[in-house]
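Working notes, beginning with the structure itself.
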Amino acid sequence: MYSKTVMDHFKKPRNVGEIEGADGIGQIGNPVCGDMMTIYLDIEDDVIKDIKFQTFGCGAAIAVSSMLTELAKGKTLEEAKKITNKDVANALDGLPKNKLHCSNLGADALHAAIKNYEDRKSGKVMPDDNQEDKHEHDHDEKCYCPYCDSELGDGQTFCKSCSLAEEGPEKEPA
Amino acid sequence: MGYINLDNINFKHLVPEASQAMIDAIKAEYGNPSSQHQKGDEAREVLESSRETVARLINAKDPREIVFTSCGTESVNMAVKGLAWARQDKGKHLVTCNTEHNAVIRSLRRLKQLGFQVTSVPVDKYGVVNPQTVKRAIRESTILVTIMHANNEIGTLHPIAEIAAVCREAGVAYHCDAVDSVGTIPIDVEALGIDLLSFASNPFYGPKGVGALYVRRGIGLWNLLDGGAQENRKRAGTENLVGIVGMAAAAKVAMRDMEKRLEHYKNLRRHFLAQLPKYLEDYLINGHPEQCLPNHISLSVRHVEGESIVLMLDEQGFAVSTRSACASGSLRASHVLLSTGLSFADAQGTLVISFGTDTTTQIIDNFLAALAESVKTLRAISPLYAAAQKEKAGK
């Protein structure tokens with residue numbers, strides 16, 4: 001199901017952990033969606049000197065986080081802002097179609113961490129402010145129905161083509 | 001140590017008796033049971049003696065009450081849709097519960113598209129349906145109650161004798177999806193008073209791709225498959241005779257070994273639950289502690305996600321399954337686990353561990369050590385675990 005590169009990063013994830021006193025923190029996703037990712041940045045002269053991650057999620061989510069940290073490490077902030085979710089998936093030699101939306105949040109988390117750093121610098125937020133998840137995907141990837149592979153529109157929670165991937169039967173009337 | 005199967009709810013080995021019977025059946029080159037010549041007679045005899053054996057497994061009074069199908073899912077579809085169509089003039093209301101298998105859920109959803117109404121009753125924290133709730137859900141227009149026996153995710157057994165009694169009193173047909181219990185625990189359709197019972201061959205070490213539906217005499221169904229007069233006119237199409245022979249052979253072994261297997265499973269389950277706290281903390285065991293499948297454990301490991309545990313265990317040579325959204329293909333947390341009141345995060349970390357006849361206590365010990373190692377690795381990465389640890393330290 002997963003590429004060799006995905007399995008390699010899943011089995012030996014790089015840059016795992018938390019940076020004490022990080023300059024920027026970005027968090028994205030929540031357990032309802034399935035995956036949750038936190039990125040910590042250590043920044044010097046607008047260069048990402050160190051980056052670490054914590055992830056709750058499937059094999060793909062862990063591999064994505066690990067690969068992202070490799071791509072971002074040593075980059076300037078301007079370079080890092082250009083990294084997309086698609087870049088991460090490509091670097092992993094691809095991801096299963098239905099994992100592209102839910103698990104491929106690495107670049108979003110990175111961008112959130114950079115924004116957090118910049119906001120702190122400009123005094124917009126304090127370092128210990130909670131980085132709430134806005135779940136704003138870049139949406140350079142579409143979502144697909146896990147049953148029939150048809151494309152799902154924005155905010156569509158079940159597939160209209162096969163009409164099956166929706167809620168269970170109706171509840172007992174009150 | 002080779003690859004270890006602790007995912008017996010999803011796949012089991014064939015008992016040697018079944019594979020031998022199937023090889024013999026292939027070599028015998030039986031004819032078509034519907035033919036009127038000698039080759040047909042010979043095949044028909046084999047088919048009918050297999051039917052008698054399978055009938056005995058669930059104590060069906062008359063072998064003609066057994067219809068062979070292609071799998072448990074087909075049996076369920078045939079029972080639910082077939083009965084709804086046959087009785088639609090009497091009413092269009094059906095009753096089920098919130099933790100059914102997709103075969104039932106989606107059959108009912110299809111019926112709703114055709115104008116039927118469905119009431120789904122809730123379950124308690126163990127995943128058990130209260131028969132009195134079923135009774136209250138039955139209306140004048142109710143034609144069928146369909147509630148499973150053993151739940152395939154949490155192993156909970158519903159009180160099907162009481163549910164059958166409620167249905168009988170109300171004059172409503174009762175279908176029970178017993179795919180995960182027939183052949184593992186004793187089931188007597190006569191004593192239970194069940195009208196329709198779906199089951200399959202693979203859960204009791206028979207071949208995959210063969211199932212059966214018990215249809216009590218006098219219960220009329222519309223056919224799913226129309227055509228010839230096979231299966232006492234209930235399911236058209238040439239029978240899968242080799243598979244049916246395998247199912248009957250496995251049924252014989254299941255009847256012979258049932259008590260021995262049950263004892264074995266119970267010992268394993270007891271051992272697993274006694275050893276688990278030595279290897280793991282922060283977990284939940286789902287389902288009813290006693291009214292459950294003896295070879296089944298639903299374990300929610302907190303602060304980690306199920307698919308990643310399954311992948312890590314797979315690397316170490318153990319097959320288990322998970323009910324996390326990521327792995328299920330539906331990208332949502334299990335409806336069964338959420339129905340019992342489990343949180344989204346805990347549902348995400350749920351593993352299903354199911355034993356087979358070849359599982360030993362040594363295998364369980366090895367598995368628990370591998371599980372502990374995998375969970376430790378994943379928790380070290382998990383932001384939820386880090387947050388929980390901080391909260392603990394703060395208190």
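The values are calculated or read from the model by the stated rules, or taken from the named source; none is laboratory data. Values in this document were obtained by computation on a predicted structure and should not be read as measured data. Methodologically, a virtual Cβ is constructed for each residue, glycine included, from the backbone with ideal geometry; neighbour enumeration extends over all protein chains shown.
Could you list, in sequence order, all residues of the stretch A:28-49 that are surrounded by fewer than 21 Cβ atoms within 10 Å (Cβ to Cβ) and at negative phi? The answer is A:N30, A:V32, A:D42, A:E44, A:V47, A:K49. Among the residues of the stretch A:73-95, those identified as surrounded by 24 or more Cβ atoms within 10 Å (Cβ to Cβ) and either outside the structural domain of A:I19 (by TED's automatic domain parsing) or in a helix (DSSP H, G or I) (or both) are A:A80, A:N85, A:V88, A:A89.
Here is the figure for the stretch B:225-281: residues that are in contact with a Gly (Cβ under 6 Å, 6 or more places away or on another chain) and closer than 27 Å to B:S300 by Cβ total 0. The set of residues in the stretch B:383-395 that are crowded, with 17+ Cβ neighbours inside 10 Å and more than 14 Å from B:D282 (Cα to Cα) contains only B:P383. The residue of the stretch B:85-105 that is farthest from the other protein chains (Cβ to nearest Cβ), among those that are crowded, with 17+ Cβ neighbours inside 10 Å and of a type in the set (S, T, N, Q), is B:T99. Can you name every residue in the stretch A:84-111 that is in contact with a helix residue (DSSP H, G or I) (Cβ under 6 Å, 6 or more places away or on another chain) and within 16 Å of A:G26 (Cα to Cα)? Correct list: A:T84, A:N85, A:S103, A:N104, A:G106, A:A107, A:L110. I'm trying to understand the selection: among the residues of the stretch B:216-231, which are surrounded by 14 or more Cβ atoms within 10 Å (Cβ to Cβ) and on the phi > 0 side of the Ramachandran plot? Scanning the stretch B:216-231 gives a single hit, B:E231. Could you tell me how many of the residues in the stretch B:173-198 are touching a residue at least 40 places away in the same chain (Cβ under 8 Å), more than 21 Å from B:T357 (Cα to Cα) and assigned to a loop (DSSP other than H, G, I, E, B)? Here the count works out to 1.
Exactly one residue out of B:D180, B:D226 is more than 14 Å from B:H149 (Cβ to Cβ) and among the acidic types (D, E), and it is B:D226. Beta carbons closer than 9 Å, at least 6 apart along the sequence or on distinct chains, pair a first residue in the stretch A:95-111 that is under 24 Å from A:K73 (Cβ atoms) and modelled with pLDDT of 85 or more with a second that is part of a loop (DSSP other than H, G, I, E, B) and of a type in the set (S, T, Y) for A:L95/A:Y2; A:L95/A:S3; A:L95/A:S103; A:A107/A:T84.
The set of residues in the stretch B:242-251 being surrounded by fewer than 24 Cβ atoms within 10 Å (Cβ to Cβ) and more than 16 Å from B:H13 (Cα to Cα) consists of B:V242 alone. In this structure, does A:V16 turn out to be within 22 Å of B:L378 (Cα to Cα), crowded, with 24+ Cβ neighbours inside 10 Å and within 14 Å of chain B (Cβ to nearest Cβ)? Here the answer is no, as A:V16 does not meet what is asked.
A:I43 satisfies every condition listed in (1) closer than 24 Å to A:E79 by Cβ; (2) facing chain B (nearest Cβ under 10 Å) except (2). Of all residue pairs spaced 6 or more apart or on separate chains, those with beta-carbon atoms under 8 Å, a first member in the stretch A:11-27 that is in the same structural domain as A:L105 (by TED's automatic domain parsing) and a second member that is in a loop (DSSP other than H, G, I, E, B) are A:N15/A:K73; A:I25/A:Q131; A:G26/A:Q131; A:Q27/A:Q131; A:Q27/A:E132; A:Q27/A:D133. B:L311 meets the conditions (1) touching a residue at least 12 places away in the same chain (Cβ under 8 Å); (2) within 14 Å of chain A (Cβ to nearest Cβ) in every case but one. The failed one is (1). Scanning the stretch A:1-11 for residues that are more than 10 Å from chain B (Cβ to nearest Cβ) and either of a type in the set (D, E, K, R) or not in a helix (DSSP H, G or I) (or both) yields a total of 3.
Residue-by-condition table, conditions (1) in contact with a Pro (Cβ under 8 Å, 6 or more places away or on another chain); (2) closer than 30 Å to B:E259 by Cβ; (3) surrounded by fewer than 22 Cβ atoms within 10 Å (Cβ to Cβ):
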| residue | (1), (2), (3) |
| --- | --- |
| B:S298 | no, yes, no |
| B:R302 | no, no, yes |
| B:D314 | no, no, yes |
| B:L342 | no, no, no |
| B:I353 | no, yes, no |
